[in-house]
Amino acid sequence: MAEQVQVGNVTIMAVPDTYVSGDRSFMFPDVGEEAWRGWEHYFTSRGHLRMNIGTFVVRSEGRTILVDTGLGEVQREGYPQGRLLDNLRGEGVTPEAVDLVVITHLHLDHVGWNTVEREGRRVPTFPNARYVIVREEWDAFTSDEELRGRNYMQECVLPLEGTGQLDLVEGTHAVTRDLTLVPAPGHTPAHACVAIVSGGERAMIIGDLAHHPLQLTETAWAAWADMDKRQAAETRERMAQRMEQDGGLAIGGHFPAPGFGRLVRVGGRRVWQAL
Ligand SMILES: [Zn+2]
């Protein structure tokens, strides 16, 4: 059984695609060895960091909403193959049952299962879903230059245009009454978090605002994939303050699975604490 949490009338279920593990200095190239002191409990036995590649099934107003779609069925160099569809089926979620796919940003590990190959063509994996992407993000990733450097855009993102299932939305966008996209730029030009507010309770699916929980303490730590490191750090600090103040859940798809936690003060420091 996948783990899930209830936020007012909304349920959020964590469904993993796969995970990767790698060297700390690869994930956080600007962070020296010294700075890791006290965080060793996050290391694997080989001293690596393990990064979950997780998605979330959110049920709001009778709709089934998938937030991000993992790495996908195509095994790419340096990455494992994703298992999201099997994992969704295991939870009773068929591709046909997904009403909305909400994409936090257009990096490979968030759009992989947008499409599958059928008879030599890439078609939307979720045939009945609207796919929600921030227009500014779409524009940034569909420039000629970006498309040349990102094969996965041709495979996993552009086919959505042809089937009429794509909804390009403004940065702040109400997906349902309980669920809103919130601009959190820096990691990518128009990266979004997904805010959930229902029955006086709150949660935030943070996308790649942080790749690791300790970045919500050390908000200046840039991940290798942050496209604008300074803006990403400013956004991370601002959003971390907001989540700490409102006391809601801070939910990270790259955090140790299932990724549900809260920001609390421990010894004067803001720390992400798993539920
Ligand atoms: Zn990511």
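Take the conditions within 16 Å of the ligand (Cβ to nearest atom) and either open to solvent by 20 Å² or more (accessible area, probe 1.4 Å) or under 18 Å from the mean Cα position of the chain (by Cα) (or both) and apply them to residue 186. Does it pass? It is true that residue 186 is within 16 Å of the ligand (Cβ to nearest atom) and either open to solvent by 20 Å² or more (accessible area, probe 1.4 Å) or under 18 Å from the mean Cα position of the chain (by Cα) (or both). Which is in contact with a helix residue (DSSP H, G or I) (Cβ under 8 Å, 6 or more places away or on another chain), more than 16 Å from the ligand (Cβ to nearest atom) and either open to solvent by less than 10 Å² (accessible area, probe 1.4 Å) or not in a helix (DSSP H, G or I) (or both), of 236, 270? Unique residue meeting the criteria: 270.
Residue 50 passes every criterion in (1) in a strand (DSSP E or B); (2) within 16 Å of the ligand (Cβ to nearest atom); (3) in contact with an Asp or Glu (Cβ under 9 Å, 6 or more places away or on another chain) apart from (3). Restricting the stretch 211-233 to residues that are part of a loop (DSSP other than H, G, I, E, B) and touching a strand residue (DSSP E or B) at 6+ places or on another chain (Cβ under 8 Å), which is farthest from residue 266 (Cα to Cα)? The extreme case among them is 211. Among residues of the stretch 102-153 being within 16 Å of the ligand (Cβ to nearest atom) and in a strand (DSSP E or B), the one that is surrounded by the fewest Cβ atoms within 10 Å (Cβ to Cβ) is 133. The residue list 68, 99 contains one member that is within 13 Å of residue 132 (Cβ to Cβ) and within 16 Å of the ligand (Cβ to nearest atom), which is 68. Kindly establish whether residue 211 is within 18 Å of residue 20 (Cβ to Cβ), open to solvent by less than 10 Å² (accessible area, probe 1.4 Å) and either in contact (Cβ under 8 Å) with a residue 60 or more places away in the chain or not aliphatic (A, V, I, L, M) (or both). Against the criterion (within 18 Å of residue 20 (Cβ to Cβ), open to solvent by less than 10 Å² (accessible area, probe 1.4 Å) and either in contact (Cβ under 8 Å) with a residue 60 or more places away in the chain or not aliphatic (A, V, I, L, M) (or both)), residue 211 qualifies. Within the stretch 80-96, not a single residue is polar (S, T, N, Q), assigned to a loop (DSSP other than H, G, I, E, B) and within 16 Å of the ligand (Cβ to nearest atom). Scanning the stretch 8-41 for residues that are of a type in the set (D, E, K, R) and under 24 Å from residue 205 (Cα atoms) returns 17, 24. Taking residues in the stretch 243-255 that are small (Gly, Ala, Ser), and partners anywhere that are away from the ligand (no atom under 11 Å from the Cβ) and in a loop (DSSP other than H, G, I, E, B), the pairs with Cβ atoms closer than 8 Å and at least 6 places apart or on different chains are 252/259; 253/259.
The values are calculated or read from the model by the stated rules, or taken from the named source; none is laboratory data. The shown structure was predicted, so the numbers you read here are calculated from the model rather than taken from an experiment. Glycine also receives a Cβ, built like all others from the backbone with ideal geometry; neighbour counts cover every protein chain displayed. Quick note on the areas: whole protein, heavy atoms, side chains included, nothing else; ligands and nucleic acids left out. Shrake-Rupley method; radii C 1.70, N 1.55, O 1.52, S 1.80 Å.
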